[in-house]
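See below for the structure under consideration.
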Amino acid sequence: MEITDKAANLAHETFDNIASATHQAVEALGEKGEQLQNAEQHLMKNCRGYVRDNPITSIGIAVAGGFLLSRLLNNRRKPE
């Protein structure tokens with residue numbers, strides 16, 4: 001009986017430790033997710049401000065990016 005009780009107690013302690021670690025991990029991930037959302041909102045606000053203040057430059061960057069992306073994708077599709 002004594003061995004069975006010790007094993008049961010050890011199993012309960014292990015389960016409690018795992019549950020505690022899982023809870024801490026969930027809290028940490030929740031905080032990081034919130035931080036990422038805040039960073040995304042801040043970045044989008046900055047981008048909107050840049051585009052509003054520099055519309056011609058923004059269009060040039062978008063056109064250049066689109067051109068480069070189309071070249072990269074076209075080169076991938078052509079058989080050699």
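Summary of computed values
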read-out: Total charge dipole magnitude, the chain, about the Cα centre, Cβ charges on Lys, Arg, Asp, Glu only, Debye to nearest 20; value: 1120
read-out: Principal-axis tilt of helix 2-53 within the chain, Cα atoms, nearest 10 degrees; value: 20
read-out: Prolate/oblate/rounded call for the chain, Cα gyration tensor, a/c under 1.5 rounded; value: oblate
read-out: Around residue 40: net Lys/Arg minus Asp/Glu count, Cβ-Cβ under 14 Å; value: +2
read-out: 0 to 90° range, to nearest 10: angle between helix 55-77 axis and the chain longest Cα axis; value: 70
read-out: Dipole of the chain, positive end: most advanced residue of 15, 51, 75 [Cβ charges, Cα centre]; value: 75
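A short reminder: the numbers here are calculations on the coordinates, not readings from a lab. Since the structure is predicted, the reported quantities are computational estimates derived from the model, not experimental observations. Every residue, glycine as well, gets a Cβ built from its backbone with ideal geometry; the counts of neighbours run over all protein chains shown.
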